[in-house]
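Reviewing the structure listed below.
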Amino acid sequence: MKDRFAGETGRRILLEALKDQKLIAGNAELADQVASIGELIDVKTGTAIIEQGADDNDVYLILAGSFHIVVNNRVVAGRFPNDHVGEMVAIQPTQRRSATVVAREDAIVVRLPEPEFAVLGAKYPQILLYIAKELARRLEQRNALVTTVSDKIRVFIISSAEAIEIARTIQNAFDHDPFSVTVWTDGVFRASHYAIESLERALDQSDVAIAVAQPDDITESRGELRATPRDNVIFELGFFMGRLGRHRALLVEPRGEEIKLPSDLAGINTITYRYDAADLTRSLATACNRLREIIRDLGPNR
């Protein structure tokens, strides 16, 4: 891809692309210096140009393509043509990289070594001014990812539509506990959002998640004496584990069913209950007491 910037014609294209960079802001002289000292690099899809925790300090200007910003194995933002990455460490060279930057598609970047970037920053103060403004914007962006601290342990319950009464009964059992309990029907899934996005949002605001399986959610395995939960229950448990961790994903299942779970779900907290549709409150009391103990032991997911 970088061949488009080769030769005399390519140099002109490169200068125009650099002038469009946010850091350069149309300054032709600065663009020319960056073109002279920077290194054009082709980046293939899936390649990381920066690794979280690394101690390198180059700065990258994105000419084409886009990148994921990944913190602790989670995508938190994106960067696109005319954006730049890595400048925070260039300003404070003793700091380690705070995020991984990985190409979401084939891309072209200009790499500026920290010493050269420092010289440019001293010569063109507009660079440092822009970085200060960008830092303020990114801090605001990061703040949106920080869950508000709550005095109550936040519990999210999901079930099939058929098991909603069981979920509601568990919610009501915690009415006098220091828990904030949300059932999936409590306005979690918005009409304007895909279910997966709404589920992600709910889990990001939760400390513990509970999946409720009722007898109708259990099916016999082919050739097996043990039963297996329906696919949606397996998916929900796996999703809970991925967002909150293995021990904060709880399965409530009917007693008397020897449930077979995939090996990847081994180790989750499983609580059984006796199903009596005529008196759910009493039949679920023991399970709710056990849930209460586990949730209190787990506490907030700080």
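Could you list which residues have their amide H under 5 Å from that of Val181, counting only those 5 or more apart in sequence or on another chain, with H placed in the peptide plane?
Correct list: Val155.
Take the alpha-carbon positions of the range 24-109, form their convex hull, and give its projected area averaged over all directions (one quarter of the hull surface) in nm².
5.5 nm²
HN-Hα J couplings of the range 154-166 from phi, Karplus 6.51/-1.76/1.60, θ = phi - 60°, integer Hz, Gly and Pro as x?
8, 10, 10, 10, 10, 7, 6, 4, 5, 9, 4, 5, 5
If you take the alpha carbon radius of gyration of the range 1-153 and divide it by 2.2 N^0.38 Å, what ratio comes out, to two decimals?
Values: Rg = 16.3 Å, N = 153, 2.2 N^0.38 = 14.9 Å.
Ratio of Cα Rg to 2.2 N^0.38 Å: 1.09.
Placing one identical point scatterer on every Cα of the range 60-105 and ignoring solvent, what is log10 I(q)/I(0) from the Debye formula at q = 0.15 Å⁻¹?
-0.38
Expressed as a rounded percentage, what relative contact order does the range 1-117 have, with Cα pairs under 8 Å and six or more residues apart?
The value is 33 percent.
Could you compute Rg(Cα) / (2.2 N^0.38 Å) for the range 1-44, with N its residue count?
Computed over Cα atoms of the range 1-44, the ratio equals 1.10.
Using only protein heavy atoms and a 1.4 Å probe, report how much of Met1 is accessible, in Å² to the nearest 10.
For Met1, solvent-accessible area is about 90 Å².
Distance between Cα centroids, the range 158-186 to the range 39-100: provide it in whole Å.
The range 158-186 and the range 39-100 have Cα centres separated by 42 Å.
The values are calculated or read from the model by the stated rules, or taken from the named source; none is laboratory data. It should be emphasised that the depicted structure is a prediction, and the values quoted were computed from it without experimental measurement. Accessible surface areas use protein heavy atoms only, side chains included; no ligands, DNA or RNA. Shrake-Rupley method; radii C 1.70, N 1.55, O 1.52, S 1.80 Å.
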